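Novice: Take this structure first; my questions come after.
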There are 2 protein chains.
Amino acid sequence: MSDNTNLAEMLKVAVAEARKGLAEGGIPIGAAMFATDGQLLSSGHNRRVQDGDPSAHGETDAFRRAGRQRSYREITLVTTLAPCWYCSGLIRQFGFRTVIVGESRTFSGGLDWLRESGVHIVDLDSSECVEMMTEYIAQNPEVWNEDIGHD
Amino acid sequence: MSDNTNLAEMLKVAVAEARKGLAEGGIPIGAAMFATDGQLLSSGHNRRVQDGDPSAHGETDAFRRAGRQRSYREITLVTTLAPCWYCSGLIRQFGFRTVIVGESRTFSGGLDWLRESGVHIVDLDSSECVEMMTEYIAQNPEVWNEDIGHD
């Protein structure tokens, strides 16, 4: 699962979730979890607007939908946007060792903190992801600020 | 909301949630959110076992049940147990400034990190909370380790 083709394919699943969220009127951030053999375990997206659920970030929604897992050491988390502190805390607490990030230009979150704690971060710097978030933030600054706790 | 009587009353709400979770067969960790005037905004408890939902820690369940909030600066989060990295990340990302903790003896989580980032932590060192977690962990070490990502 380490070559660029596979990484791009994994990101596509997260991007599809983000676009699904956008079509629902929500914030376009998606995520997915994959086993080492490439099997898709779960995917999810931010649901603040459509479900009125502030706890459902892309990463936490995918995490929830994967159900109980005994270990996350061999599970790869893919997310369209760098994880915020909340989602970075999830990654660290549950021992994910590899996180694939679509982009960290519009928001860098806890990436450095995760790297320092030994999590392997692959930042794909996807122009598609950058454009999707840049456009959303420009059009919905209040919802975006609410989603990252900036008042 | 700063005197000991009120703090104890606030903790009682979180403890009642923890005991509710225990009665459901779950991990006994509860939390609640209060406005500055003392109004209860929400309460929740860990739902890993009963709902098969690993994302529902006490703190995140209370957070979810409060619905969308424009700001958390004036909201006090009360939890029976020191918040793990996941819940500490939530606290930091959303800008809670005050967290009341039932105890941090059985698990210290991200308390120091939160203190360093400026969050006011009040640790009530409740013997009731210590006993509740000590007993649960002794009887259910595997579920507890799963809940904090220790494999």
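Novice: Suppose we filter A:52, A:58 for residues that are touching a Lys or Arg at 6+ places or on another chain (Cβ under 8 Å) and either buried (at least 24 other Cβ atoms within 10 Å of the Cβ) or at the interface with chain B (Cβ under 9 Å from one of its Cβ atoms) (or both); which single one remains? Write out each step before concluding.
Specialist: Working: A:58 fails: touching a Lys or Arg at 6+ places or on another chain (Cβ under 8 Å).
Within the list A:52, A:58, the selection yields A:52.
Novice: Across segment A:70-84, what is the number of residues that are in contact (Cβ under 8 Å) with a residue 24 or more places away in the chain, within 7 Å of chain B (Cβ to nearest Cβ) and surrounded by fewer than 24 Cβ atoms within 10 Å (Cβ to Cβ)?
Specialist: The number of residues fulfilling the criteria is 3.
Novice: Moving on to the next point. Any chance segment B:118-134 includes a residue that's out of contact with any helix residue (DSSP H, G or I) (no Cβ under 7 Å at 6 or more places or on another chain), at pLDDT below 95 and not β-branched (Val, Ile, Thr)?
Specialist: No, the conditions are met nowhere in segment B:118-134.
Novice: Is it fair to say residue B:44 is within 27 Å of residue B:137 (Cα to Cα), within 14 Å of another protein chain (Cβ to nearest Cβ), surrounded by fewer than 17 Cβ atoms within 10 Å (Cβ to Cβ) and of a type outside the set (Asp, Glu)? Spell out the reasoning first.
Specialist: On the way: within 27 Å of residue B:137 (Cα to Cα): yes; within 14 Å of another protein chain (Cβ to nearest Cβ): yes; surrounded by fewer than 17 Cβ atoms within 10 Å (Cβ to Cβ): no; of a type outside the set (Asp, Glu): yes.
The answer is no for residue B:44.
Novice: Let me ask something additional. Which residue out of B:8, B:35, B:31 is more than 9 Å from chain A (Cβ to nearest Cβ), touching a residue at least 40 places away in the same chain (Cβ under 8 Å) and either at positive phi or surrounded by 24 or more Cβ atoms within 10 Å (Cβ to Cβ) (or both)?
Specialist: On the way: B:8 fails: either at positive phi or surrounded by 24 or more Cβ atoms within 10 Å (Cβ to Cβ) (or both); B:35 fails: either at positive phi or surrounded by 24 or more Cβ atoms within 10 Å (Cβ to Cβ) (or both).
Just a single option satisfies the conditions, and that option is B:31.
Novice: Here's something else I'd like to know. Would you confirm whether any residue within segment A:123-137 is surrounded by fewer than 20 Cβ atoms within 10 Å (Cβ to Cβ) and within 30 Å of residue B:48 (Cα to Cα)?
Specialist: no
To keep it simple, each residue is scored yes or no on (1) without any contact (Cβ under 8 Å) to a residue 24 or more places away in the chain; (2) over 24 Å from residue A:5 (Cα atoms).
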| residue | (1), (2) |
| --- | --- |
| A:107 | no, yes |
| A:112 | yes, yes |
| A:119 | no, no |
| A:129 | no, no |
| A:141 | yes, yes |
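Novice: Output the number of residues of segment A:138-150 satisfying the condition of being within 14 Å of chain B (Cβ to nearest Cβ) and loosely packed, with under 12 Cβ neighbours inside 10 Å.
Specialist: Initially, segment A:138-150 is screened for residues within 14 Å of chain B (Cβ to nearest Cβ), giving A:140-150.
Next, only the ones that are loosely packed, with under 12 Cβ neighbours inside 10 Å stay: A:141-142.
Counting residues in segment A:138-150 that are within 14 Å of chain B (Cβ to nearest Cβ) and loosely packed, with under 12 Cβ neighbours inside 10 Å gives 2.
Novice: A further question follows. Specify which of the listed residues (B:67, B:102) is more than 9 Å from every other protein chain (Cβ to nearest Cβ) and not aromatic (Phe, Trp, Tyr). Spell out the reasoning first.
Specialist: Numbers: B:67 fails: more than 9 Å from every other protein chain (Cβ to nearest Cβ).
Every option except B:102 fails the conditions.
Novice: Related question: Within segment A:85-99, track down each residue that is more than 13 Å from chain B (Cβ to nearest Cβ) and either at positive phi or not hydroxyl-bearing (Ser, Thr, Tyr) (or both). Step through it out loud before you land on a result.
Specialist: Keep residues of segment A:85-99 that are more than 13 Å from chain B (Cβ to nearest Cβ), which gives A:98-99.
Hit for segment A:85-99 is A:99, nothing else.
The values are calculated or read from the model by the stated rules, or taken from the named source; none is laboratory data. Since the model is a prediction, treat every value here as computed from it, not as a measurement. Here the Cβ is made from the backbone with ideal geometry for all residues, glycine too, and neighbour counts use every protein chain on show.
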